[in-house]
Amino acid sequence: MALTVSSSCISVSPVFTLNENRKMRSCIPVRSVVRINGSNFIYSKNADVDSYVDGGKTRAQHVPEVLEPLWDDGYGTRTTKNYVEIVTELIKSDGGPPRWFCPVACGVPLNDSPLLLYLPGMDGTGAGLVLHEKALGKLFHVQCLHIPVSDRTSLEGLIKIVEEIMMIEHASSPNRPIYLLGESFGGSLALSVAARNPTIDLVLILANPVITAFMFSGDFIKTMMVVTNGKTYSSSLWKLSNNLDDDLSVVSVMAKALPKDTFKWRLKLVESAANFANSRLHAITAQVLVVASGKDNLLPSKNEARRLSRLLRRCNVRVFEDSGHNILLESGFNLLFVIKTTQMYRHSSKHDIFKDFLPTSMTEFLNTPMDSWLYRLCIGAAMFSTMENGKIVRGLAGVPNEGPVLVVGNHTFLGFDSFSVVAEFLREKKITIHGLAHPEIYQIRAEDEFIMIPYTDAVKTFGAIPVSARNLFRLLSSKSFALLYPGGARESLHRKGESCKLFWPEKQEFVRMAVKLGATIIPLGAVGEDDLLELLIDYNDMKHIPYFDQMVKDYNRGRKNVRAEMEGEIAKQPLHIPISMPKIPGRLYFMFGKPIRTKGKEHMFDDKYYVQDLYLQIKCDVEKSMAYLLRKREDDPYRSIVERIVWLTNHGSLDHIPSFDP
């Protein structure tokens, strides 16, 4: 057994090569390299960045514990050009057996991060994560499998290589999951490994996995085996599978990575792995996420993904209609975002919505529809807050910077007001405020996925938590920021004429909990929906229209009413989508009232008179804030989108569009 760690740090490209004496030497910053002598190797992931660079002489001093909101995930800083550079270096004097490596771009992962093993496609280079290295490296101990061009290790040999590193990890951390990220051929390899190891907690991320017999038909192979310059066989295959704007440099380097003999051998490997995996799908207990491309010209990836979802016990599927076979190399695809929103990231046997929460990254924040310039321009959210001395100011200066904080407000139509609040906390304070959302957001049925997934993905990305007393307790006890709408679905799905009307429950449990934990309570009033939408058909109308009435009944069949045990109007709210029509956009206004501090009064949480008075005070402050905004918005010269467009044209910033003077 021999472990070789690169010790040089020459700034070229993050790859390694072997010299004539089969010693590992670094051509660029590779964080760690594991050599395999024969079929044995030593794997060590406890080394830190310093030890990867200087040969293990020092220890890391700063291992991050958590990610900060709006952290840098590195997306957009790497392109297929970097991929070409890496592959070019990898295939130079590329001898020796398969090996694991971790690019230096992965950096230092969070403390207690799980292991992620990347299993490459037919190219075998292991460089396919180049666009995702920095993001994944924050959250995983990443190891990429490199299969040299001249290597002829059998499928059984490759499976054993993966299994050995898994066994070492499982022995050291038996309660932590191990991730297998398989791309194309690597997907069938991952499934094969999972089938042989049903007792190990595995999470499989499969990008267009090759597990179909289609690839091995005579016509397909004959079509692909087109000789380029009489030497290589892979150019036609790569062009067919490529969705990267005909990147000739990528096609060229892949032709070099897959010469004739290697290409033929890899096809046999793919066939063997697909047959092996297909015959053992019933034995797989791993949690699986299949990422399928809608424009995969090489494989019927969408059909294969659906087939796997039927045959595997725990399988989630995400389809990207505009992507091609090489989805991991497409600049618009964010792998970590998919892992997060499908709740596949975890540190133990089960996903914990608190412990496994990952703050919004800068890329996710800038690319969410709710932070697009058009959405922000149309909404025009104007935020005001109240200082301790009662002075009203523009922005969030009146909101404390440290938790626990409970913001309690009124829901506007369809609840889209919450996006503006959460986004402003990130933008101005770099604080994640967790909205307490309807549990249905986390229980989307298959027939509703097409409509709901874009919305629910955004909600989860911003940190929403299913509303419950237990979840509120966990948020406040961890000194977090929480956003609660006591009126819930009844308030956000209100009827005609009910704008700015509160539908709050009689019980004050959230107040008791806030007092018990010494949280600061901030009343929040929001107005402006009447400036944005015209409600045409509400729930009362739907009950009298047979088509809509049946649609509402069908949608709610089998769903739990989370407030069924309550009395009054608030318990009578079937989920439905009211019919509305957009207006020429006006503006949304938000008013954060004076903070109500309960620290030092924790002993009064069981005083029903104190709690009742506090509850009524919060409700009164919310109503006062709404009345204030309705009155003051009449003085706003930028209430209309027309005036905001003119201001934006002259000043060029959405962050500082003026409003009324508070």
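The values are calculated or read from the model by the stated rules, or taken from the named source; none is laboratory data. Keep in mind it's a predicted model, so treat the numbers as computed, not measured. Ideal geometry is used to build each Cβ from the backbone, glycine not excepted, and the neighbour counts take in all protein chains shown. Side chains are part of the model used for accessible areas, which takes the heavy atoms of the whole protein and leaves out ligands, DNA and RNA. Shrake-Rupley method; radii C 1.70, N 1.55, O 1.52, S 1.80 Å.
Listed values, structure above:
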{"read-out": "Which listed residue is open to solvent by 30 Å² or more (accessible area, probe 1.4 Å) and closer than 20 Å to residue 626 by Cβ, from 392, 453", "value": "392"}
{"read-out": "Flag for residue 619 being at pLDDT 95 or above and either at negative phi or not in a helix (DSSP H, G or I) (or both)", "value": "yes"}
{"read-out": "From the options 74, 121, 126, 56, residue that is in a loop (DSSP other than H, G, I, E, B) and either at pLDDT below 90 or surrounded by fewer than 21 Cβ atoms within 10 Å (Cβ to Cβ) (or both)", "value": "56"}
{"read-out": "Of all residues in region 594-608 being under 9 Å from residue 518 (Cβ atoms) and part of a loop (DSSP other than H, G, I, E, B), the one that is least open to solvent (accessible area, probe 1.4 Å)", "value": "598"}
{"read-out": "Residues that are of a type in the set (Asp, Glu) and buried (at least 21 other Cβ atoms within 10 Å of the Cβ), drawn from region 402-428", "value": "417"}
{"read-out": "Options 657, 641, 645; residue that is open to solvent by 40 Å² or more (accessible area, probe 1.4 Å), farther than 14 Å from residue 521 by Cα and among the aliphatic types (A, V, I, L, M)", "value": "645"}
{"read-out": "Residue within region 431-444 that is in a helix (DSSP H, G or I), at pLDDT below 95, closer than 28 Å to residue 505 by Cα and polar (S, T, N, Q) present", "value": "no"}
{"read-out": "Wholly enclosed strands (runs of 3 or more DSSP E) of region 456-558 bearing at least 3 residues not hydrophobic (A, V, I, L, M, F, W, C)", "value": "520-527"}
{"read-out": "Qualifying residue in region 299-312 (condition: among the charged types (D, E, K, R), within 22 Å of residue 89 (Cβ to Cβ) and surrounded by fewer than 18 Cβ atoms within 10 Å (Cβ to Cβ))", "value": "no"}
{"read-out": "Residues (of a type in the set (A, V, I, L, M), touching a helix residue (DSSP H, G or I) at 6+ places or on another chain (Cβ under 9 Å) and either in a strand (DSSP E or B) or under 20 Å from residue 140 (Cα atoms) (or both)) located in region 155-179", "value": "162, 166, 178"}
{"read-out": "Matching residues, region 356-389, being open to solvent by 20 Å² or more (accessible area, probe 1.4 Å) and among the aliphatic types (A, V, I, L, M)", "value": "362, 366, 370, 374, 381, 387"}
{"read-out": "Restricting region 609-638 to residues that are of a type in the set (Asp, Glu) and surrounded by 12 or more Cβ atoms within 10 Å (Cβ to Cβ), the residue that is farthest from residue 381 (Cα to Cα)", "value": "613"}
{"read-out": "So residue 178, is it of a type outside the set (D, E, K, R), open to solvent by less than 10 Å² (accessible area, probe 1.4 Å), at pLDDT 95 or above and touching a His at 6+ places or on another chain (Cβ under 8 Å)", "value": "yes"}
{"read-out": "Residue pairs meeting the criteria (Cβ under 9 Å; at least 6 apart or on separate chains; first more than 18 Å from residue 648 (Cβ to Cβ) and free of Cβ contacts under 8 Å to residues at least 60 places away in the same chain, in region 358-376; second of a type in the set (A, V, I, L, M, F, W, C) and open to solvent by less than 80 Å² (accessible area, probe 1.4 Å))", "value": "367/337"}
